[in-house]
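Single-structure report; data block below.
The values are calculated or read from the model by the stated rules, or taken from the named source; none is laboratory data. It should be emphasised that the depicted structure is a prediction, and the values quoted were computed from it without experimental measurement. Backbone-built Cβ (ideal geometry, glycine too); neighbour counts: all protein chains shown. SASA here: full protein model, heavy atoms, side chains in, ligands and nucleic acids out. Shrake-Rupley method; radii C 1.70, N 1.55, O 1.52, S 1.80 Å.
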Amino acid sequence: PTYARPALGLPTPPGEAWKVIQGYGCGSHNGWDRYSLDMVSADGKTFGAPARAAADGTLWSWTAKSGTLIVAHGDGFYTMYTHLDRAVTTRLDTAVKRGDVIGYVGDRAAHGLAHLHFTAFTGKGIAASGRQSVPLSFAEGYDLPDVGGCNQHGGERLVAGGQAASPAGVRFSASAEPQRW
């Protein structure tokens, strides 16, 4: 099937350089989430850094054990943010706008290495079955195609643009809620 793909912004704080420490097709990025990026702040302040919604959508799933928040963008397109220390909210179906702070980077299920694991993927139906990650490109001008090999785009430095939205008026939560997958 063909999926509508929104323009994605980098999920990292605006104006800060983030380095890809694990790129496509290597290590843990070799299954359905082949086209994933593990990123850390280039200035070393990764733990607690805000993770931002890459596009408008709604919170679709929260898994507390791994700190994984998934945002649905409509028409079977999703973005996934993993290893979060905490989410701004875990209430499913909450609307978010591109650039909204949706969580804070941590090291849940990451063996002590704080980083943001980011994936965009497609899937069908309520459980997003048949998940398949897609090569990433970002509105900031970064196009990261599949170029073959292990750790594709590893070492690249990416800088988000735009304004960060404030999470004013919402509570922080690390609780587990019903999962959709």
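Inside the stretch 14-32, can you point out the residues that are open to solvent by 20 Å² or more (accessible area, probe 1.4 Å) and closer than 19 Å to D146 by Cβ?
Within the stretch 14-32, I21, Q22, C26, G27, S28, N30, G31, W32 qualify.
What are the residues in the stretch 24-48 that are assigned to a loop (DSSP other than H, G, I, E, B) and among the β-branched types (V, I, T), if any?
Correct list: T46 only.
Identify, from the list A114, A127, A109, A95, the residue that is free of Cβ contacts under 8 Å to residues at least 60 places away in the same chain, in contact with a Phe, Trp or Tyr (Cβ under 6 Å, 6 or more places away or on another chain) and surrounded by fewer than 22 Cβ atoms within 10 Å (Cβ to Cβ).
A127
Do you know which residues across the stretch 50-66 are free of Cβ contacts under 8 Å to residues at least 60 places away in the same chain and closer than 26 Å to E140 by Cα?
If the condition is that a residue be free of Cβ contacts under 8 Å to residues at least 60 places away in the same chain and closer than 26 Å to E140 by Cα, then A53, A55, D56, G57, T58, L59 are the ones that fit.
Condition first: farther than 21 Å from L158 by Cβ, free of Cβ contacts under 8 Å to residues at least 60 places away in the same chain and touching a His at 6+ places or on another chain (Cβ under 9 Å). Can you find one or more residues in the stretch 69-78 that meet it?
Scanning the stretch 69-78 turns up no residue that is farther than 21 Å from L158 by Cβ, free of Cβ contacts under 8 Å to residues at least 60 places away in the same chain and touching a His at 6+ places or on another chain (Cβ under 9 Å).
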